[in-house]
Amino acid sequence: SKFRSRLSISRQLNKTTWLDTIYISKYLNERLNFSYVKSINDHWSAGGSTTMLASSYNNYDLSIKIMPGIEYDIFPYSQSTRHQLRLLYNAGLEISNYSDTTTRFKVKETLAYHSLSASLSVIQKWGSVSSTLAWSNYFFDWKYNNLSLNSDATLRIVKGLTFSIDGSVALVHDQVSLPKG
């Protein structure tokens, strides 16, 4: 079994001057996430996660995502400290109260969505490499989707010194919370 929780709070203040006019923007983002996964056998696991988000930047007074899922690892669990190739499918609900009316004229809504991801992780004495390709969409309209690729590598140069590089790319078409203004 594996249980993870994460809490993040970020505040941002931007001040820009353009043509003698000062523009100030303030953002507050608060996120709380819980996830639990239980192995079924050497390759299969099942579990779920819950995320609560309040974000002035993303137009959420409060958004709650509830997402059960199932995962298959090509490699047996006994090898998971060295390498993993996991396929994960999630389906769930997103219950949202928006700060402002969205471009789809919603103030609050409940949406069903799902996601599929493939993750590769290799850990060796020389360092590690990992990459995740993920796709998700909302069921109400398949045009609201997201495809992303995240990768990172860490190379151990000498004991206590590493070189790390990471990158990501995404095609984002799932911004259901965009305010109409």
> Where is the GNM fluctuation largest for the chain (alpha-carbon springs, 10 angstrom cutoff): Val158, Val107, Val129?
Replying inline: Val158
> At a probe size of 1.4 Å, how large is the accessible area of Lys2, to the nearest 10 Å²?
Replying inline: 110 Å²
> Given 10 Å bins starting at zero, what is the percent of C-alpha pairs of segment 1-84 in each, up to the one with the largest pair distance?
Replying inline: 15, 29, 22, 18, 10, 5, 1
> Hey, of (i) 34, 24, 15; (ii) 25, 22, 13; (iii) 33, 19, 14, which did the structure itself give for semi-axes √(5λ) of the Cα gyration tensor in Å when calculated?
Replying inline: (i)
> Got a sec? What order do Tyr77, Tyr60, Tyr36 fall in by accessible area at 1.4 Å, biggest, i.e. largest, first?
Replying inline: Tyr77, Tyr36, Tyr60
> How far is it, in nm, from the label point at Asp166 to the one at Asn150 when both lie 7 Å from their Cα along the line to the Cβ?
Replying inline: 0.7 nm
> Which number gives the lysine pairs in segment 64-181 that have C-alpha atoms under 22 Å apart and are eight or more places apart or on different chains?
Replying inline: 9
>> Just to confirm, what accessible area per residue do you get for segment 77-181 at 1.4 Å probe, in whole Å²?
In response: 65 Å²
> If you roll a 1.4 Å probe over segment 34-152 with all protein chains in place, what percent of the accessible area is carbon or sulfur?
Replying inline: 63 percent
> What FRET efficiency comes out for the pair Ser136/Tyr23, r = Cβ-Cβ distance, R0 = 35 Å, nearest 0.05?
Replying inline: 0.55
> Which one of Gly47, Gly167, Gly92 has the biggest mean-square fluctuation once the chain is modelled by GNM with Cα springs under 10 Å?
Replying inline: Gly167
>> Once ligands and nucleic acids are excluded and a 1.4 Å probe is used, how much of Trp135 is accessible, expressed in Å² to the nearest 10?
In response: 90 Å²
> What dipole magnitude, in Debye to the nearest 20, does segment 40-181 give about its Cα centre under +1 on Lys/Arg Cβ and -1 on Asp/Glu Cβ?
Replying inline: 280 debye
> With springs only between Cα atoms under 10 Å, which of Asp61, Asp100, Asp141 fluctuates most in a Gaussian network model of the chain?
Replying inline: Asp141
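The values are calculated or read from the model by the stated rules, or taken from the named source; none is laboratory data. Keep in mind that this is a model prediction, so the values were computed, not measured. Backbone-built Cβ (ideal geometry, glycine too); neighbour counts: all protein chains shown. Surface areas here come from the heavy atoms of the whole protein model, side chains and all, with no ligands, DNA or RNA. Shrake-Rupley method; radii C 1.70, N 1.55, O 1.52, S 1.80 Å.
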